[in-house]
Amino acid sequence: MASVLIIEDDSTFAQIIEGFLSKNNFKVTTVSNVAKALKLIAHEDFQLLLIDYRLPDGTGIDVLNHRRETGLVVPAIIMTSFNDVRTAVRSIQLGASDYITKPINPDELLMVINTALQKKETPKNTENNFIRGKSDVAQRLYQHIDLVAETDMSVVIQGESGTGKEFAARTLHQQSKRKNKPFIAIDCGALSKDLAASELFGHIKGAFTGAVNDKKGSFEAANGGTIFLDEIGNLSYEVQVKLLRALQERVIQPLGSNKQIPVDVRIITATNDDLANSMKNGEFREDLYHRINEFKIQLPPLRERGVDLELFIELFIKLSNEELNRNVQELDKETKSLLLKYDWPGNLRELRNVIKRMVLLTAGKVATADSLPDEMKIAVANEVPLDNPSDLKAVNESNERMLITETLAKVKYNKSKAAKLLNIDRKTLYAKMERYGID
């Protein structure tokens, strides 16, 4: 019986989820805010965290940050409104297993929870296992991968969350002369400051509190092969210094040890941020930046991949049919139009989630728009028409809606503060929120 902690301030909604999960043989505990959650996490063991994004004393991101800083290894799922999908994508970068949008379908929730609990037993990033496409931008991408794969050059893979950075790194490794040696992937965003150096370089028994045995680091485990550091910009300055030394001198020194261990690894890094800006801001070492950036590969967002979108839709329908024992054969006209018009801020990961939900909710062979989130339809309806980008009124309304949404998120949905920052009164803010369908 897996133990689940629900962090949700809507007591009625929390009770509904608690009742549903209890009937499905989960042991459930509920709390209503971040402070209570952190206190409980410190004293009890949970197999899963189910976290509402908006909470009275913070957000779900605060819980994820605490989880990372304390080195807590437990899958987490963020619950959010569809309007917060872009923020939910950030939660994935901080180590969340997945996110689910409200209103929540019980069968979808059960599917997402079971997937998160089973992730340790399945390959990471399986949603991007078929990233090759036929668009011009995809062809240029693979020309670059083919060009640099056989070299030992250090590669930075840059792209938005969900674009398949780990799959690109694996492809580079599989096409290299190191393909028969280990490929070790490290999610730097999920490493705590205290444990990052140990994870990368290892430690000896007694090196710090809790080090009860010697531990081989990822660099030593990847010797002869490739090490992939995802979200490298999250590494602390101290760990960046150790990493630079390892790359320059080709040796590592486990924590607490005087012994230096020679290593031969190729390093591939990934980030959704512009490391050049982080370097200018003093957050990332300039010498390390130049050491890892011998070649850069830019992964395009899904919205720029043209004909590839339809290929991925077909693929994810096929995979979801197999996984969920469904038989979706086609999309009706409205459903296909919505899928092609939406801008997919979460890229392939979000597309996979939406398609999987669609297949789950489709009993027959034809998927209809009823199986897509209502908020997705609202998002498409509020977009500036692509066939008339010179429509000044539409452009201004789109920008105004985005500014209001971002401001509300910044002040944690305090409408008085939002109105003050936007230099309008509350009545005007309410009217605009209603007009633009902002929840």
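The values are calculated or read from the model by the stated rules, or taken from the named source; none is laboratory data. These numbers were taken from a predicted model, which means no experiment stands behind them. Methodologically, a virtual Cβ is constructed for each residue, glycine included, from the backbone with ideal geometry; neighbour enumeration extends over all protein chains shown. Accessible surface is based on the protein model in full, side chains and every heavy atom, while ligands, DNA and RNA are left aside. Shrake-Rupley method; radii C 1.70, N 1.55, O 1.52, S 1.80 Å.
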Inset, instruction - Inverting the mean 1/r over all pairs of different Cα atoms, compute the Kirkwood radius of the chain and quote it in Å. - result: 23.7
Legend entry - Assigned charges on the beta-carbon of Lys, Arg, Asp, Glu; the chain dipole about Cα centre (debye): 640
Inset, instruction - Sort the stretch 135-200 into rounded, prolate or oblate with this rule: let a ≥ b ≥ c be the square roots of the eigenvalues of the Cα gyration tensor; rounded if a/c is under 1.5, and if a/c is not under 1.5, prolate when a/b is larger than b/c, oblate otherwise. - result: oblate
Inset, instruction - Just tell me which lysines come within less than 20 Å, Cα to Cα, of residue 39; anything on the same chain fewer than 8 places away is out. - result: 27
Legend entry - Set of aspartates and glutamates near residue 179 by C-alpha distance (under 18 Å), chain-local residues within fewer than 8 positions excluded: 146, 150, 152, 166, 220, 264
Legend entry - Solvent-accessible heavy-atom area per residue, rounded to whole Å², over the stretch 137-282 at 1.4 Å: 45
Legend entry - Segment residue 417-residue 213, length gained on full extension (0.36 nm per residue, minus Cα span): 68.3 nm
Inset, instruction - Rounded, prolate or oblate: pick one for the stretch 193-265, where a ≥ b ≥ c are the square roots of the eigenvalues of its C-alpha gyration tensor, a/c under 1.5 means rounded, and failing that, prolate if a/b is larger than b/c, else oblate. - result: oblate
Legend entry - Cβ-placed point charges (K, R +1; D, E -1), dipole of the stretch 1-78 about Cα centre in debye, nearest 20: 180
Inset, instruction - State the dimensionless ratio Rg/Rh of the stretch 13-79 (Rg: radius of gyration of Cα atoms; Rh: Kirkwood radius). - result: 0.94
Legend entry - Per residue value of the accessible surface for the stretch 1-88 (all protein chains in place, 1.4 Å probe), Å²: 45
